[in-house]
Amino acid sequence: MSIELATDDGQAVLPGDLSQSPLAIRGLTVSYGDKPAVFSVDATFQPGAMTAIVGPNGAGKSTILKSVLGIVRPLSGQILIHGKPAARQIHLVAYVPQRASVDWDFPARVIDVVLMGLSRELGLLRRVRRTHLDRAMACLARVGMERFADRQIGQLSGGQQQRVFLARALAQDAQIYLLDEPFAGVDAATEAAIIDVLKSLRDEGRTVIAVHHDLSTVSAYFDHVFLINTTRIAEGTVAQAFTSENLHAAYGGRLPAMPAAGQAG
Amino acid sequence: MNGAEFVALSLPPILIGVFAAIACAVPGNFLLLRRQALIGDAISHVALPGIVVAFLITGAVTTWPMMLGAAGAAIIAVVLIELIRRLGRIEVGAAMGVVFTTMFTAGVLLLEQSDTSSVHLDVEHALYGNLESLIWLDATGWTSLADPAALAGLPPELPRMAVVALLVGLLTLLLWRPLTISTFDEGFARAAGLPVTAIGLLLVIMAAVAAVAAFDAVGSIIVIAMFICPPAAARMMTNRLDHQMGWSIGFATVSALSGYVLAGYGPLWLGFDNSISAAGMIAVMSGLILAIAARFGPCRARVAGS
């Protein structure tokens with residue numbers, strides 16, 4: 001890890017220096033059917049930073065994450081994790097999918113879901129031991145959900161479900177955290193709890209990348225931003241890239257109310 | 001009925017019914033949660049043309065060629081479903097609907113057009129199987145269970161179904177974790193490095209093997225019922241997947257036992273002098289259990305989503 005190259009503006013990883021970036025994307029094109037969802041996108045994410053991927057609906061934000069994870073197959077492009085092909089480095093990545101992407105009626109308890117984060121370690125047949133349970137419980141405690149360990153996951157509120165997903169990702173103990181709209185449909189307390197956890201991950205030197213919808217909280221929550229509308233609009237620190245000019249370029253006439261653009265720093 | 005009669009006439013079909021029910025119910029749990037429960041139905045339908053073709057080639061109703069024919073047809077069907085789904089960009093259920101009705105009717109047509117009158121192979125057999133006829137003539141009583149000479153005369157469906165049930169059980173145990181994770185959250189499973197596509201395919205193959213083996217012994221009615229009813233009833237008894245699996249195996253066993261006994265003796269108790277189809281009665285019992293679980297099961301309410 002090259003944490004010493006971290007987040008300050010002057011020390012940012014330059015686009016040419018692929019091996020220093022925890023996650024670098026070159027020429028990524030993905031298409032569902034005839035229309036490209038993502039077209040020829042370059043991105044160089046910064047180590048030990050929190051980056052928001054921002055753009056209008058259907059701009060390809062989730063597609064970027066899914067391409068990195070191998071969930072969708074790109075038409076072309078290169079995805080490098082610490083300078084090596086993503087497929088071989090996927091163990092360094094933890095993923096928090098959109099909450100709505102799964103059936104919460106599934107017969108599982110909260111603790112069962114968090115233990116899924118240890119699946120790489122547990123392999124096929126290793127039994128879940130006390131130490132695994134303790135670690136899963138510690139992850140639940142970190143998101144304030146330890147009291148709900150035995151609860152069926154369908155009996156949780158939306159915010160609680162999102163916290164369980166985050167706890168599962170924490171159990172993976174990864175270098176890079178990819179989150180798909182972690183604040184969608186959650187209560188204010190959950191939003192605060194999640195952002196605390198994400199900031200602590202960043203402070204531990206891990207890289208946090210989240211698809212984010214709420215433009216009004218970008219500057220408060222994130223230090224870097226990646227603006228996309230099928231093609232890349234801008235990337236950089238919030239101060240550099242999160243400007244009204246770039247937002248207009250990304251959202252066109254559909255720009256939602258935007259109080260804080262360009263005010264970060 | 002004395003011991004000798006029971007061992008010779010009832011024990012083999014009961015055991016075959018139980019093994020068939022369990023072999024289908026076990027993968028059924030995952031298929032149900034993946035909203036693929038009808039895949040068992042589809043497989044048992046598409047197997048028919050494969051079985052008929054195997055018969056036309058070999059000219060005899062023998063186990064292995066028919067199993068191979070059924071397996072070949074199942075593979076063709078899986079490929080066709082996938083092809084139609086991708087080329088037509090339609091939902092998998094619709095693709096399955098197209099493929100399995102087409103292949104089943106092709107099987108019926110083949111059956112009607114070819115000369116199978118000399119053997120016990122007809123549409124009725126395909127639906128209800130011939131559970132009652134799978135008897136063990138060499139048995140003279142409980143002691144025959146320890147007699148190698150008598151055991152050699154067991155209906156071949158019994159050891160075959162037992163082996164298939166055992167294989168399905170072991171494979172499910174071995175793949176429990178990846179199956180669970182990729183069923184619950186495919187995206188996460190992929191990101192966690194699991195071979196999600198291969199796992200899904202393996203589940204379907206497992207279901208196909210169970211369906212084809214059971215289809216030959218007990219007909220497609222049981223196959224369709226057992227893929228769906230015991231797991232669906234079990235889901236309403238518990239909120240844990242491992243417990244659900246246990247409940248579903250229990251329900252499958254109870255359906256097979258009670259269905260066989262009721263089919264044989266139920267009509268007599270009611271004053272009729274015929275017995276009725278065991279396969280049909282086993283399916284009815286599984287449906288009854290599902291109805292009871294749907295009414296009284298502790299976990300039957302879908303949680304209000306948020």
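The values are calculated or read from the model by the stated rules, or taken from the named source; none is laboratory data. These numbers were taken from a predicted model, which means no experiment stands behind them. As a convention, Cβ positions derive from the backbone with ideal geometry for all residues, glycine included, and neighbour counts pool all protein chains shown. The accessibility values were calculated without ligands, DNA or RNA, using every heavy atom of the protein model including side chains. Shrake-Rupley method; radii C 1.70, N 1.55, O 1.52, S 1.80 Å.
The set of residues in the stretch B:11-30 being more than 16 Å from B:Ile222 (Cβ to Cβ) and either open to solvent by 10 Å² or more (accessible area, probe 1.4 Å) or not polar (S, T, N, Q) (or both) consists of B:Leu11, B:Phe30. Report whether or not A:Asn246 is touching a residue at least 40 places away in the same chain (Cβ under 8 Å) and either under 27 Å from A:His82 (Cβ atoms) or of a type in the set (S, T, N, Q) (or both). When the stated conditions are applied, A:Asn246 does not pass them.
Only one residue in B:Leu154, B:Leu179, B:Leu137 is part of a loop (DSSP other than H, G, I, E, B), of a type in the set (A, V, I, L, M, F, W, C), touching a Phe, Trp or Tyr at 6+ places or on another chain (Cβ under 6 Å) and touching a residue at least 24 places away in the same chain (Cβ under 8 Å), so which one is that? Before the answer, list the steps.
Values: B:Leu179 fails: part of a loop (DSSP other than H, G, I, E, B); B:Leu137 fails: touching a Phe, Trp or Tyr at 6+ places or on another chain (Cβ under 6 Å).
Unique residue meeting the criteria: B:Leu154.
If the condition is being among the small types (Gly, Ala, Ser) and under 18 Å from A:Arg163 (Cα atoms), then the stretch A:101-129 contributes A:Ser101, A:Ala108, A:Gly117. Contact map, the stretch A:39-63: residues that are among the charged types (D, E, K, R) paired with residues that are surrounded by 22 or more Cβ atoms within 10 Å (Cβ to Cβ), Cβ distance under 7 Å, separation 6+ or inter-chain. Pairs shown: A:Asp42/A:Ile25; A:Lys61/A:Ile53; A:Lys61/A:Gly55; A:Lys61/A:Val211; A:Lys61/A:Ile228.
Results for (1) within 30 Å of A:Asp112 (Cα to Cα); (2) open to solvent by 70 Å² or more (accessible area, probe 1.4 Å), shown as yes or no for each residue.
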residue	(1), (2)
B:Leu137	no, yes
B:Thr140	no, yes
B:Glu157	no, no
B:Glu186	yes, yes
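Of all residues in the stretch B:215-229, those that are more than 13 Å from B:Ile51 (Cβ to Cβ) have Cβ atoms under 7 Å from Cβ atoms of residues that are surrounded by 24 or more Cβ atoms within 10 Å (Cβ to Cβ) and of a type in the set (Val, Ile, Thr), 6 or more apart or on another chain, in B:Val218/B:Ile16; B:Ile222/B:Ile282. Quick check on my filter: what residues within the stretch B:1-46 are without any contact (Cβ under 8 Å) to a residue 12 or more places away in the chain and among the aromatic types (Phe, Trp, Tyr)? Residue satisfying the conditions is B:Phe6 alone. For the stretch B:229-237, the criterion of being in a helix (DSSP H, G or I), open to solvent by 40 Å² or more (accessible area, probe 1.4 Å) and out of contact with any Lys or Arg (no Cβ under 7 Å at 6 or more places or on another chain) is satisfied by no residue at all. Examine the stretch B:262-271 for a residue that is free of Cβ contacts under 8 Å to residues at least 40 places away in the same chain and within 14 Å of another protein chain (Cβ to nearest Cβ), and state whether such a residue exists. No: zero hits.
Considering the stretch B:242-251 alone, what residues qualify as being open to solvent by 10 Å² or more (accessible area, probe 1.4 Å) and either more than 30 Å from A:Arg109 (Cβ to Cβ) or within 14 Å of chain A (Cβ to nearest Cβ) (or both)? Listed by number, the residues that qualify are B:Asp242, B:His243, B:Met245, B:Gly246, B:Trp247.
Is it fair to say B:Phe215 is in contact with a helix residue (DSSP H, G or I) (Cβ under 8 Å, 6 or more places away or on another chain) and away from chain A (no Cβ under 11 Å)? Outline the logic, then answer.
Values: in contact with a helix residue (DSSP H, G or I) (Cβ under 8 Å, 6 or more places away or on another chain): yes; away from chain A (no Cβ under 11 Å): yes.
For B:Phe215, the condition - in contact with a helix residue (DSSP H, G or I) (Cβ under 8 Å, 6 or more places away or on another chain) and away from chain A (no Cβ under 11 Å) - is met.
Looking at A:Ser40, A:Ser62, can you tell me which residue is open to solvent by 10 Å² or more (accessible area, probe 1.4 Å), within 12 Å of A:Leu178 (Cα to Cα) and either more than 13 Å from chain B (Cβ to nearest Cβ) or not in a loop (DSSP other than H, G, I, E, B) (or both)? Reasoning before the result, please.
Working: A:Ser40 fails: within 12 Å of A:Leu178 (Cα to Cα).
Of A:Ser40, A:Ser62, the one residue that is open to solvent by 10 Å² or more (accessible area, probe 1.4 Å), within 12 Å of A:Leu178 (Cα to Cα) and either more than 13 Å from chain B (Cβ to nearest Cβ) or not in a loop (DSSP other than H, G, I, E, B) (or both) is A:Ser62.
In this structure, does B:Val254 turn out to be farther than 26 Å from A:Pro107 by Cα and under 24 Å from the mean Cα position of the chain (by Cα)? Taking the combined requirement at face value, the residue does not satisfy it. Across the stretch B:276-283, a minimum of one residue is classified as surrounded by fewer than 18 Cβ atoms within 10 Å (Cβ to Cβ) and not in a helix (DSSP H, G or I). Of the helices (runs of 4 or more DSSP H) lying entirely inside the stretch A:83-192, those containing at least 3 residues that are small (Gly, Ala, Ser) and more than 10 Å from chain B (Cβ to nearest Cβ) are A:130-142. Just one of the numbered conditions (1) more than 27 Å from B:Pro159 (Cβ to Cβ); (2) touching a residue at least 40 places away in the same chain (Cβ under 8 Å); (3) surrounded by 19 or more Cβ atoms within 10 Å (Cβ to Cβ) is not true of B:Thr101; which one? Against the list (1) more than 27 Å from B:Pro159 (Cβ to Cβ); (2) touching a residue at least 40 places away in the same chain (Cβ under 8 Å); (3) surrounded by 19 or more Cβ atoms within 10 Å (Cβ to Cβ), B:Thr101 comes up short only on (3).
Residues being free of Cβ contacts under 8 Å to residues at least 40 places away in the same chain and more than 14 Å from chain A (Cβ to nearest Cβ): count how many of those fall in the stretch B:86-96.
Initial filter on the stretch B:86-96 (free of Cβ contacts under 8 Å to residues at least 40 places away in the same chain): B:86-91, B:94-95.
Imposing the further condition that a residue be more than 14 Å from chain A (Cβ to nearest Cβ) reduces the set to B:91, B:94-95.
The total comes to 3.
Of B:Leu174, B:Leu158, all but one fail to be at the interface with chain A (Cβ under 10 Å from one of its Cβ atoms) and either farther than 22 Å from B:Ala37 by Cβ or among the small types (Gly, Ala, Ser) (or both); the exception is B:Leu174. If you go through the stretch A:113-143 and keep only what is open to solvent by less than 40 Å² (accessible area, probe 1.4 Å) and either among the small types (Gly, Ala, Ser) or closer than 17 Å to B:Asn239 by Cβ (or both), you end up with A:Val113, A:Val114, A:Leu115, A:Met116, A:Gly117, A:Ser119, A:Gly123, A:Ala136. Summed over the stretch A:193-223, the residues that are open to solvent by 30 Å² or more (accessible area, probe 1.4 Å), more than 24 Å from A:Thr63 (Cβ to Cβ) and not in a helix (DSSP H, G or I) give a count of 1. Restricting the stretch A:70-82 to residues that are in contact with a strand residue (DSSP E or B) (Cβ under 6 Å, 6 or more places away or on another chain) and more than 19 Å from A:Tyr32 (Cα to Cα), the residue that is farthest from the other protein chains (Cβ to nearest Cβ) is A:Leu80.
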